[in-house]
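Enquirer: Below: one structure in structure tokens.
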Amino acid sequence: MNALPESVAAARRGLEARDLTKVYQSRHGDATKALDRITVTAGDGEFIAIVGPSGCGKSTLLHCIAGLIPHEGGALLLDGSAVTGPGPERAVVFQDPSLLPWRTVRDNISFGMEMQRRPARDEARARTESLIDLVGLRGFENYYPSELSGGMRQRVNLARALAMQPRILLMDEPFGALDAQTRELMQCELLTIWERDRKTVIFVTHDIEEAVYLADRVYVLSARPGRVQQVLEINLQRPRAPEIKRNPVFTAIELEIWRLLHGQRLQADQR
Ligand SMILES: Nc1ncnc2c1ncn2[C@@H]1O[C@H](COP(=O)(O)OP(=O)(O)OP(=O)(O)O)[C@@H](O)[C@H]1O
Ligand SMILES: [Mg+2]
């Protein structure tokens, strides 16, 4: 294996997707380049958002970072060391909560711990109970997924990912299917949880407001093949309350991102 460049080896603690390229090969022999030399860094405890037009490769990028699919070029680095494949330090929250319909809220949350046989049973039980409280599902712990609202299901999904105590949470449009009010509530809850234990979060969304509200840094991707078009540092105060969305600095950042994405749409229309 080639030695890593010094700058990479000396990277601070955290995750770095460096120059990732992904090409999908179809069975008919055509190739789709989904990602083109994308570099995204997330230091320990940072909240990163990724926005970009539909089909630009956001989910692909997240799946590469999770190690669920291979990438062609570049490297995925954790604390400066290359990682291949999935690992317990990275957990994914998908847009559609694929909960087990025959298990209750409590048993869905504890499922991963049962499968991995860690932690020990008493610790797993205690962790499950504290997660039920953390995501606001006390009183619903014996309900089945079909008896829950979309927002509640997504809370179970989040609790299930947190149960394994990952260092890095990879979230793919987790609130995309929720109505505006539930979405705002879930954003606030996610920020409260994040303020509490400061996990590293990489959050994919197509919602500009959501990205600016949640993140320390927003990566704006170009249309496919996804490239990093711009990186914006969001230096708004923390903790953030929803009112910050009306702040002129906030709306100016939103407008800047909107212009970047809108410019791409105009270019695509003119092609
Ligand atoms: N398994 C696959 N096989 C072949 N092509 C794929 C596969 N998954 C995604 N693609 C292609 O890669 C490109 C990027 O897809 P991806 O799902 O990553 O985009 P996205 O940015 O997440 O889109 P959206 O915002 O709609 O969720 C698309 O052109 C898509 O058709
Ligand atoms: Mg997607």
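Derivation of every value follows stated rules applied to the coordinates shown; laboratory data play no part. As the structure is a computational prediction, the values presented were derived from the model and not from experiment. Quick reminder, even Gly has a Cβ in these numbers, built from the backbone with ideal geometry, and neighbours come from all protein chains shown.
Enquirer: How many residues are surrounded by 13 or more Cβ atoms within 10 Å (Cβ to Cβ) and over 12 Å from Ala163 (Cα atoms) if we restrict to segment 105-129?
Expert: Of the residues in that region, 1 qualify.
Enquirer: Quick check on my filter: what residues within segment 212-252 are closer than 22 Å to Val92 by Cα and in contact with a helix residue (DSSP H, G or I) (Cβ under 7 Å, 6 or more places away or on another chain)?
Expert: Of everything in segment 212-252, those that are closer than 22 Å to Val92 by Cα and in contact with a helix residue (DSSP H, G or I) (Cβ under 7 Å, 6 or more places away or on another chain) turn out to be Val212, Tyr213, Leu214, Val218, Val220, Leu221, Gly226.
Enquirer: Can you tell me which residue is farthest from ligand 1 (Cβ to nearest atom) among those in segment 52-63 that are of a type in the set (Gly, Ala, Ser) and closer than 24 Å to Trp194 by Cβ? Before the answer, list the steps.
Expert: Applying the first criterion (of a type in the set (Gly, Ala, Ser)) to segment 52-63 yields 52, 54-55, 57, 59.
Keeping just the survivors that are closer than 24 Å to Trp194 by Cβ gives 52, 59.
On the way: Gly52: 6, Ser59: 3 Å.
Among those residues, the one meeting the criterion is Gly52.
Enquirer: Here is a further query. Could you list all residues from segment 230-259 that are farther than 20 Å from Phe47 by Cβ and in contact (Cβ under 8 Å) with a residue 40 or more places away in the chain?
Expert: Trp258
Enquirer: Turning to a different aspect of this structure: Which residues, taken from segment 115-126, are more than 15 Å from Pro88 (Cβ to Cβ) and assigned to a helix (DSSP H, G or I)?
Expert: As a first pass, look at segment 115-126 and keep what is more than 15 Å from Pro88 (Cβ to Cβ): 120-123, 125-126.
Result: Arg121, Asp122, Glu123, Arg125, Ala126.
Enquirer: Okay, next question. So which strands (runs of 3 or more DSSP E) stay within segment 10-106 end to end and still have 2 or more residues that are away from ligand 2 (no atom under 16 Å from the Cβ) and among the hydroxyl-bearing types (Ser, Thr, Tyr)? Explain how you work it out, then say what you get.
Expert: On the way: elements: 14-25, 31-43, 47-51, 73-78, 90-93.
So the answer is 31-43.
Enquirer: Run down Ala49, Ala91, Ala75, Ala66 and say which single residue is surrounded by 15 or more Cβ atoms within 10 Å (Cβ to Cβ), over 30 Å from Arg259 (Cβ atoms) and within 16 Å of ligand 1 (Cβ to nearest atom).
Expert: Details: Ala49 fails: over 30 Å from Arg259 (Cβ atoms); Ala91 fails: within 16 Å of ligand 1 (Cβ to nearest atom); Ala75 fails: within 16 Å of ligand 1 (Cβ to nearest atom).
Being surrounded by 15 or more Cβ atoms within 10 Å (Cβ to Cβ), over 30 Å from Arg259 (Cβ atoms) and within 16 Å of ligand 1 (Cβ to nearest atom) holds for just one of Ala49, Ala91, Ala75, Ala66, which is Ala66.
Enquirer: Sort out for me the strands (runs of 3 or more DSSP E) sitting completely within segment 130-248 that have 3 or more residues that are surrounded by fewer than 16 Cβ atoms within 10 Å (Cβ to Cβ) and touching a strand residue (DSSP E or B) at 6+ places or on another chain (Cβ under 9 Å).
Expert: 228-233
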